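What follows is one structure encoded as structure tokens, with my remarks underneath.
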Amino acid sequence: MGVYELTGILLYVLLCVLTVLLLWRIRKQKVNKPRLNKAPARFLETPTEDEIASLKDAYKLDWRPERKVNSYLPDTVPELVGVSEGVSPLVTELIYKLNAPEVSAKDIGQLIASDQGLTSFVLQRANSPFYGLVQKVDNIFNAVVLLGSAEVSRIVIEESMNKSGIRPSRSEWFHAYITSIIAAYISNSIGMASNAGTLVTMAMMHDIGRNTLHKNISQQEKENIPEDPRARIRQEIDLFGIDHARLGAMLARKWNIPENVCKCIEVHHWPMFWPLRDTAKDVPDITRELAILSVSDVTARHYTGAIEGPYIGEDYYLFIRKPPDPSRILVPELRRRLDRIRNMYAQRSIEDNQ
Ligand SMILES: [Fe+2]
Ligand SMILES: [Fe+2]
């Protein structure tokens, strides 16, 4: 056998070995190919045809308010803002502390302890049956530790706003309270726990301007307030030339509340009128807070049965990694918590009427 034949045979054998190795590798890759999860995470479920249709319709609107926040203000506005008294500097400081992620329970306790009236109010509330504490709490530091800074702050904000002359009704506070619970739940569930204090403040104060407007409308207009939140905004602008969101921000600025909170109050209904890409351009620093607040606001109204439908686009829900459906955000654990709060407010309303 010559050298050429031997080389040819060796090359042929080498080619056969390489082909076998290649075929074996391809087969192995097929076997190891990752399988798709049969049960994807809940918020990744494919929306139904109806859901897609209704979300596409979210911004097909006949009417929108003016988005320029520096636009014309009617003459009546300074008077509307002027009727509220200032809130105590302690509350402003508390809101500033809540806005800082590193705030401790001790800081919050120390601040409240400097006001005797407020301290006894918080302790009285902490010892109410709602919290079901086994032992009576007799100092503010324990109250903050047992109830948590967010809960104590809700109590303080409600009490101080009532004293400012704004005096929202029980049902308005109930809405603010459950919106703040939902906002805190969402921020914790998506790893934004450090923003929970800011969101609690934004949610507790977001509709603070509504009561001031409603005090100035006739009984007949009160009876005709629409349930649809967009129609309500339109009615407020028709009647007063300003809506409750913008007026609420003016009140908050008068009270020296941090600007990010004021801004979020001012634009909290924008997601009902404009998609995320538009609002994000105008308020880039608070886009995530705005998305959480507006989704929580709509979810709170769904919980009470006041509205149905998405009202805000799918983009906001997906931005905060939540399903674009409030009934799916209201998981059983959250619903149970809201049910307890509903019972507490119902009980307080009975006590008010006695
Ligand atoms: Fe609102
Ligand atoms: Fe609201």
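The values are calculated or read from the model by the stated rules, or taken from the named source; none is laboratory data. Values in this document were obtained by computation on a predicted structure and should not be read as measured data. Neighbour counts are summed over all protein chains in view; Cβ atoms, including those assigned to glycine, are modelled from backbone coordinates with ideal geometry.
The table that follows gives values for the structure above.
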read-out: Hits in the range 167-195 - residues which are within 20 Å of Pro229 (Cβ to Cβ), in contact with a Leu (Cβ under 9 Å, 6 or more places away or on another chain) and among the aliphatic types (A, V, I, L, M); value: Ile178, Ile181, Ile182, Ala183, Ile186
read-out: Residues satisfying the stated conditions in the range 206-225, i.e. more than 25 Å from Ser160 (Cβ to Cβ) and more than 14 Å from ligand 2 (Cβ to nearest atom); value: Ile217, Ser218, Gln219, Gln220, Glu221, Lys222, Glu223, Asn224
read-out: Verdict on Asp207 being over 17 Å from Leu73 (Cα atoms), surrounded by 19 or more Cβ atoms within 10 Å (Cβ to Cβ) and within 11 Å of ligand 1 (Cβ to nearest atom); value: yes
read-out: Any hit, the range 235-247, residues being among the acidic types (Asp, Glu), more than 24 Å from Asn162 (Cβ to Cβ) and either within 14 Å of ligand 1 (Cβ to nearest atom) or in contact with a strand residue (DSSP E or B) (Cβ under 9 Å, 6 or more places away or on another chain) (or both); value: no
read-out: Residues (crowded, with 16+ Cβ neighbours inside 10 Å and hydroxyl-bearing (Ser, Thr, Tyr)) located in the range 186-204; value: Ser187, Thr198, Thr201
read-out: Inter-residue pairs, beta-carbon under 8 Å, first surrounded by 11 or more Cβ atoms within 10 Å (Cβ to Cβ) and in the range 218-240, second among the small types (Gly, Ala, Ser) and part of a helix (DSSP H, G or I), 6+ apart; value: Ile233/Ala245
read-out: Counted residues, the range 291-312 - those being within 17 Å of Arg64 (Cβ to Cβ) and modelled with pLDDT of 95 or more; value: 1
read-out: Set Leu330, Leu293: member being in contact with a His (Cβ under 6 Å, 6 or more places away or on another chain) and either within 16 Å of ligand 1 (Cβ to nearest atom) or closer than 27 Å to Phe130 by Cα (or both); value: Leu293
read-out: Cross-chain or 6+ apart pairs with Cβ under 6 Å, the range 307-323 first and touching a residue at least 24 places away in the same chain (Cβ under 8 Å) and outside any helix (DSSP H, G or I), then surrounded by fewer than 21 Cβ atoms within 10 Å (Cβ to Cβ) and charged (D, E, K, R); value: Ile307/Arg301
read-out: Helices (runs of 4 or more DSSP H) within the range 77-146 that include 2 or more residues surrounded by 15 or more Cβ atoms within 10 Å (Cβ to Cβ) and touching a Pro at 6+ places or on another chain (Cβ under 8 Å); value: 89-99
read-out: Whichever residue in the range 281-297 is more than 15 Å from Pro229 (Cβ to Cβ) and of a type in the set (Asp, Glu) and, among such residues, is surrounded by the fewest Cβ atoms within 10 Å (Cβ to Cβ); value: Asp285
read-out: Output for the range 235-249, where each listed residue is in contact with a Pro (Cβ under 9 Å, 6 or more places away or on another chain) and either among the hydroxyl-bearing types (Ser, Thr, Tyr) or away from ligand 2 (no atom under 16 Å from the Cβ) (or both); value: Ile237, Phe240, Gly241, Ile242
read-out: Subset of the range 241-272 [outside any helix (DSSP H, G or I) and buried (at least 21 other Cβ atoms within 10 Å of the Cβ)]; value: Ile242, Asp243, Trp255, Ile257, Val267, His268, His269
read-out: The lone exception for Pro65 - which of (1) exposed (fewer than 12 other Cβ atoms within 10 Å of the Cβ); (2) within 30 Å of Met250 (Cβ to Cβ); (3) modelled with pLDDT of 75 or more it fails; value: (1)
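The rows are residues; the columns are (1) over 22 Å from the mean Cα position of the chain (by Cα); (2) buried (at least 23 other Cβ atoms within 10 Å of the Cβ); (3) modelled with pLDDT of 90 or more.
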| site | (1), (2), (3) |
| --- | --- |
| Gly148 | no, no, yes |
| Met161 | no, yes, no |
| Ser164 | yes, no, no |
| Ser169 | no, no, no |
| Trp173 | no, no, yes |
| Ala184 | no, yes, yes |
